[in-house]
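Peer 1: Handing you a structure now.
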Amino acid sequence: MRIGIEARGLTGARGVRTYVENLVEGLIRISSDNEFHLWLTEQSELSVSPQTHVLPLQHELLLPFWLHRALPNALHKVELDIMHFTKSDVPNRKLSMPTVATVFDVIPLLLPQTQSVVRGLYWPRAYKRVDTLSDHIITISEASKKYIVEHLDVSPDQITTTPLAVNLGHFSPSGSRPSAVPEKYILFVGRWD
């Protein structure tokens, strides 16, 4: 199978980068029979070596052109069996192969006041494209799945939840809880943006 992955998240320093790295490395590790093609906005180092296609993105404001014109034109030249979009958006036209989109959350719809004017205009349209143009959605939690169903009008059957996991190469249990940590506590790991 020839699998395409839109991997522009590899150029960032956020959690999406870790997700995309682990996705690509994990897929290649467990399915050596498949051929992987990554589309990036700039070169990135991975511990695995899939076929990499770099389509430069000169400025973030040109992302619509990159996603809706440059990338579909490049995909047209490579015969893929499936294409995975990793950053909650897909091209604005149906592609010739099935598409999967990862939607981490719908915070821009739940908390629009946290978004800049540009992002406030971008995200509702991006989510609508995912809703109408992708064949399947992957999300990271049952709570995100619930919000996607409610706010994007997507059938629960069209969504697969794949919870994020700890990378034991970076983190490992120490065996005991530090004494300064109370018996009951709430741990929040995230960002407000």
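The values are calculated or read from the model by the stated rules, or taken from the named source; none is laboratory data. Predicted model, so just to flag it, every value in this text is computed and none were measured. Every residue, glycine as well, gets a Cβ built from its backbone with ideal geometry; the counts of neighbours run over all protein chains shown. Side chains are part of the model used for accessible areas, which takes the heavy atoms of the whole protein and leaves out ligands, DNA and RNA. Shrake-Rupley method; radii C 1.70, N 1.55, O 1.52, S 1.80 Å.
A quick yes/no check of all residues on (1) outside any strand (DSSP E or B); (2) open to solvent by 30 Å² or more (accessible area, probe 1.4 Å); (3) modelled with pLDDT of 85 or more; (4) closer than 21 Å to L164 by Cα:
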residue	(1), (2), (3), (4)
R17	yes, yes, no, yes
E25	yes, yes, no, yes
H53	no, yes, no, no
L61	yes, yes, no, no
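Peer 1: For segment 125-148, which positions are free of Cβ contacts under 8 Å to residues at least 24 places away in the same chain and surrounded by 17 or more Cβ atoms within 10 Å (Cβ to Cβ)?
Peer 2: Passing the criteria: D131, K145.
Peer 1: Shifting gears a bit: It is to be established whether one or more residues within segment 65-88 are closer than 21 Å to T160 by Cα and among the charged types (D, E, K, R). Break it down into steps so the answer makes sense when it comes.
Peer 2: Within segment 65-88, the subset closer than 21 Å to T160 by Cα is 81-88.
Add one more test, that the residue is among the charged types (D, E, K, R), and what stays is 81, 87.
Yes, segment 65-88 contains at least one residue that is closer than 21 Å to T160 by Cα and among the charged types (D, E, K, R).
Peer 1: Continuing with this model, one more query. Would you be able to tell me the number of residues in segment 27-36 that are exposed (fewer than 12 other Cβ atoms within 10 Å of the Cβ) and among the aromatic types (F, W, Y)?
Peer 2: 0
Peer 1: Let me ask you something else. Restricting segment 149-164 to residues that are modelled with pLDDT of 95 or more and under 14 Å from the mean Cα position of the chain (by Cα), which is surrounded by the most Cβ atoms within 10 Å (Cβ to Cβ)?
Peer 2: I159
Peer 1: With the structure loaded, tell me whether S49 is at pLDDT 90 or above, of a type in the set (G, A, S) and either over 28 Å from S141 (Cα atoms) or surrounded by 15 or more Cβ atoms within 10 Å (Cβ to Cβ) (or both) or whether it fails that test.
Peer 2: Details: at pLDDT 90 or above: no; of a type in the set (G, A, S): yes; either over 28 Å from S141 (Cα atoms) or surrounded by 15 or more Cβ atoms within 10 Å (Cβ to Cβ) (or both): yes.
Taking the combined requirement at face value, the residue does not satisfy it.
Peer 1: I'm trying to understand the selection: among the residues of segment 76-129, which are outside any helix (DSSP H, G or I) and of a type in the set (V, I, T)? Talk me through it step by step, then tell me what you get.
Peer 2: Here is the first cut: in segment 76-129, the ones outside any helix (DSSP H, G or I) are 77-106, 111, 115-116.
Across segment 76-129, the qualifying residues are V78, I82, T86, V90, T99, V100, T102, V103, V106.
Peer 1: I've got another one for you. Within segment 84-124, restricting attention to residues that are of a type in the set (S, T, N, Q) and open to solvent by 50 Å² or more (accessible area, probe 1.4 Å), which residue is nearest to the chain's Cα centre (by Cα)? Lay out the reasoning, then the answer.
Peer 2: Residues of segment 84-124 that are of a type in the set (S, T, N, Q), as a first pass: 86, 88, 92, 96, 99, 102, 113-116.
Of the ones still in play, those that are also open to solvent by 50 Å² or more (accessible area, probe 1.4 Å) are 92, 96, 113, 116.
Values: N92: 17, S96: 20, Q113: 23, S116: 21 Å.
Restricting to residues being of a type in the set (S, T, N, Q) and open to solvent by 50 Å² or more (accessible area, probe 1.4 Å), the top hit is N92.
Peer 1: Among the candidates W39, W66, which residue alone is surrounded by 14 or more Cβ atoms within 10 Å (Cβ to Cβ), aromatic (F, W, Y) and not in a helix (DSSP H, G or I)?
Peer 2: Going through W39, W66 in turn, just one is surrounded by 14 or more Cβ atoms within 10 Å (Cβ to Cβ), aromatic (F, W, Y) and not in a helix (DSSP H, G or I): W39.
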